[in-house]
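The values are calculated or read from the model by the stated rules, or taken from the named source; none is laboratory data. Just so you know, these numbers come straight off a predicted model, no measurement behind them. Note that we place each Cβ from the backbone using ideal geometry, even for glycine, and neighbour counts take in every protein chain shown.
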Number of protein chains: 2
Amino acid sequence: MSDPRLTDLARQLPGLKLSTDPGDLEHHGRDWTRRWPPAPLAIAYPGDIAEVQGIVRWANAHGVALVPSGGRTGLSGGAVAAHGELVVSLDRMNKVLAFDPVDRTLTVQPGIALEAVHNAAREHGLVYPVDFAARGSCQLGGNIATNAGGIRVIRYGNTRQWVAGLKVVTGTGELLDLNKGLVKNASGYDLRHLFIGSEGTLGIVVEATLWLTSPPPASQVMLLAVPAMDALMKVFAEARHRLHLEAFEFFTDRALHHVLAHGAQAPFAEAHPFYVVTEFDACDEAAEAAALGFFEQCMEEGWVVDGVISSSEAQAAALWRLREGITESLAKYKPYKNDVSVRISRVPAFMADMQALLAEGYPDVDVVWFGHIGDGNLHINVLKPAEVDYATFVAQCEHVTTLLVDTLERHEGSISAEHGIGLVKKPWLGSVRSDAEIALMRGIKGVLDPMGLMNPGKLL
Amino acid sequence: MSDPRLTDLARQLPGLKLSTDPGDLEHHGRDWTRRWPPAPLAIAYPGDIAEVQGIVRWANAHGVALVPSGGRTGLSGGAVAAHGELVVSLDRMNKVLAFDPVDRTLTVQPGIALEAVHNAAREHGLVYPVDFAARGSCQLGGNIATNAGGIRVIRYGNTRQWVAGLKVVTGTGELLDLNKGLVKNASGYDLRHLFIGSEGTLGIVVEATLWLTSPPPASQVMLLAVPAMDALMKVFAEARHRLHLEAFEFFTDRALHHVLAHGAQAPFAEAHPFYVVTEFDACDEAAEAAALGFFEQCMEEGWVVDGVISSSEAQAAALWRLREGITESLAKYKPYKNDVSVRISRVPAFMADMQALLAEGYPDVDVVWFGHIGDGNLHINVLKPAEVDYATFVAQCEHVTTLLVDTLERHEGSISAEHGIGLVKKPWLGSVRSDAEIALMRGIKGVLDPMGLMNPGKLL
């Protein structure tokens, strides 16, 4: 703690937990991108809102940049601290503060893991329906900062839809208590929605009140083998028409290859170009008959060539693992990730263009793609060949990304569907937001964070 | 057109329809509040986005304030032009531009009536689920500017939830094309949500892409007679627990009195203190049995003393008219309106406090209240006694509002649930938004409307 600024921080906030331990700096200074060597000034672990405010006021006095830090499962470098920033870890602010059975809300601190929110909701016979594979380690504050999506968006929307109230500390240390759990509140600009998805660049989420909902009806999970890309959209259209969908995900044979290599059980005797995992309501015989009818029609039309339907929760979980295990199975290849979206109606044309582009751009490279087809969201993972050094690999990938961005612009898509812009996607922000929009975003940041201390260099 | 500024406008935009006809100034210069004498400079009726941009650029050049103007069914004075503003009427921009069956979106111009949106959705076998009594004359642009709520919020949320894309012209004449119909788009601050509910103070909505949804299952409507206020919340809790609610509205005996005097048929032989209109899914025998079980239990517990259930669409419509006819039946009394909300869990305590306060504040005045109890939203209409002049009446009402605001603050409620702040609620904005929030709102307005020309004096 030889830095005089830290000495002053410790003096101002005597109870604040602070660390300059090299292991902590390394651990809290980066996220899952692993691209930027972490180099924070120190890590602060505030225990309450007042300490967060104190930290922000201290940062203003000393001109120190802050990086709000959650579970750091982000894939866009939004939580990286590589330039002497103070990392504000919310790890210690991880409690459930309140549950209201009439409002059906859960009030939590920002450092709580998504899975802990799921569990707390379930204890009260309700669900918090935002869900994705990083549930065990990602934190709610980070979910809000990126407007996290995931695998149930098709039914439940993104995180945005479930935030009933938000307490944030702005770039000047001001505490805002936004919306306070009201269903209807037409009293001026909804700053809550401005903070959701702002990637820590406007302030720090210090408390959230989340809406919960009733558990969905009993469901079944179906895995389908799909022979061709154009069949994929037909299967989706038919499923949406006949079933009450909770999820509709797809992945390629390359994705399945890696998941199987990572220990999963092969679902079919043969390999197929595409796979779909879909979950849908199956609360009664009529719903189950509809599912069977859907499957039979897909087989008859030739859109699907094989399939399996879950007959137990364990089997449903096993089918889901084939999709949810992809990211983990690829981690060792240090994949370069694209996370793009188009309108659902544009998916077929975009996928055709994209497939041609990837085949040309990465002739000898393993490219694994999968995604949330019902939301227009595709994840493209490019795996680093062992013989290529990381910097060369990233440069190649960024070249292909630039080509991909042209295609995306033509299809009016977004370079970031749910990962955020962070550091990784910054060069292409202008492909999805106009110059005027970016100028307005900068202006708005100037209002909420006049000194420019909140997660600087990210997003904008 | 003797005003040189108008001459210049006509010269800049030769095709623009402009009017200074006294009847038009009177008609387009005010909304349903009827409190401020209209005095606009002129009325412009742009036919396309380019004309809207041209108007805004002209306004910047001449420093003329603009009032965006839709169906002017607002109840907070948000569309009043009383100080020489140019009214920008969107009446001519009232078309459906596109429908996409895969995205399930409808793209419309801002001047389209809500009911025309309902009809267009229905033509495609889908629904746009935001609904309220002014549907025939209110316009979508105004719905977005106030984040309109209405009678189906309990199931479908407010307007905000249904806006997939938004084109707006900012205070500098810049056209923004926000979100473009994407389901997932984590690419920086979501300016779309900033404009929704901003009451025309940041710019003008010139196009919207709306999400549509599947029609709800067959439903039934039930009217219940409730003997006491505390029973009301018990009925709601039971209904929410047992039924799949689409609407849950209540009104008082005074409200029914006025609707009956206005020509409706009495539903019960006797009068009762409170009435509930609720609509719920009744797609099969099990659902109908649940409704009957709910009603029987409410009767047994004494929470309900009489009831009627719709057995036809005509009867359902007749029951709804008892609730939806209230506003029209009161119009001739020039009511002073409060539109307040609290969290659902706070409704009983707030209603008790409010009832005491109204009895004391308006000892000899007819006070009619009703609302969306499932959303925590109450409408309080104070009727002007014939012998009191309007200015005295408003002054009395504002005194009571100030008392009501104290109660609201204690219950963490909002002075505007769905009507907006406009001119009417401005004195009490500080009761629901902190000084810091209001300062940030002003700062944000400065970024989007640096000359302060967009609906000045409203909201802020």
Residue identified as within 30 Å of A:Asn119 (Cβ to Cβ) and within 12 Å of chain B (Cβ to nearest Cβ) among A:Leu178, A:Leu223, A:Leu212: A:Leu178
The lone exception for A:Val388 - which of (1) more than 28 Å from A:Ala269 (Cα to Cα); (2) touching a strand residue (DSSP E or B) at 6+ places or on another chain (Cβ under 7 Å) it fails: (2)
Strands (runs of 3 or more DSSP E) completely within the range A:83-124 that count 1 or more residues being within 24 Å of the chain's Cα centre (by Cα) and either at pLDDT below 95 or not aliphatic (A, V, I, L, M) (or both): A:86-89, A:105-108
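Residue-by-condition table, conditions (1) touching a His at 6+ places or on another chain (Cβ under 7 Å); (2) in contact (Cβ under 8 Å) with a residue 40 or more places away in the chain; (3) within 30 Å of B:Glu301 (Cα to Cα):
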{"residue": "B:Val153", "(1), (2), (3)": "yes, yes, yes"}
{"residue": "B:Gly157", "(1), (2), (3)": "no, no, no"}
{"residue": "B:Arg160", "(1), (2), (3)": "yes, no, no"}
{"residue": "B:Met222", "(1), (2), (3)": "no, yes, yes"}
Residues of the range B:362-410 being assigned to a strand (DSSP E or B) and either of a type in the set (Ser, Thr, Tyr) or within 14 Å of chain A (Cβ to nearest Cβ) (or both), in sequence order, are B:Gly371, B:His372, B:Asn377, B:Leu378, B:His379
Every residue in the range B:294-316 that is assigned to a helix (DSSP H, G or I), without any contact (Cβ under 8 Å) to a residue 40 or more places away in the chain and farther than 13 Å from B:Ala225 by Cβ, please. B:Glu296, B:Glu300, B:Glu313, B:Ala314
Quick one: would you say B:Leu13 is within 30 Å of B:Thr209 (Cβ to Cβ) and either of a type outside the set (Asp, Glu) or at pLDDT 95 or above (or both)? yes
Scan the range B:332-341 and give yes if some residue there is surrounded by fewer than 21 Cβ atoms within 10 Å (Cβ to Cβ), outside the structural domain of B:Phe132 (by TED's automatic domain parsing) and hydrophobic (A, V, I, L, M, F, W, C), otherwise no. no
Can you find a residue in the range A:356-370 that is without any contact (Cβ under 8 Å) to a residue 24 or more places away in the chain, touching a Gly at 6+ places or on another chain (Cβ under 9 Å) and within 24 Å of A:Ala225 (Cα to Cα)? no
Within the range B:236-252, does at least one residue satisfy the condition of being touching a Gly at 6+ places or on another chain (Cβ under 6 Å) and either within 14 Å of chain A (Cβ to nearest Cβ) or at pLDDT 95 or above (or both)? yes
Test: A:Glu328 is closer than 30 Å to A:Trp36 by Cα, touching a residue at least 24 places away in the same chain (Cβ under 8 Å) and crowded, with 17+ Cβ neighbours inside 10 Å: no
For the range A:385-396, check the following and say yes or no: at least one residue is surrounded by fewer than 24 Cβ atoms within 10 Å (Cβ to Cβ), of a type in the set (S, T, N, Q) and farther than 18 Å from B:Asp190 by Cβ. yes
State yes or no: is A:Ile55 closer than 30 Å to A:His118 by Cβ, in contact with a helix residue (DSSP H, G or I) (Cβ under 8 Å, 6 or more places away or on another chain), assigned to a helix (DSSP H, G or I) and of a type in the set (A, V, I, L, M, F, W, C)? yes
Being within 26 Å of A:Lys180 (Cβ to Cβ), within 20 Å of the chain's Cα centre (by Cα) and surrounded by 14 or more Cβ atoms within 10 Å (Cβ to Cβ) is the requirement here; does B:Gly376 meet it? yes
Would you check if A:Leu319 is touching a Ser or Thr at 6+ places or on another chain (Cβ under 9 Å) and among the aliphatic types (A, V, I, L, M)? yes
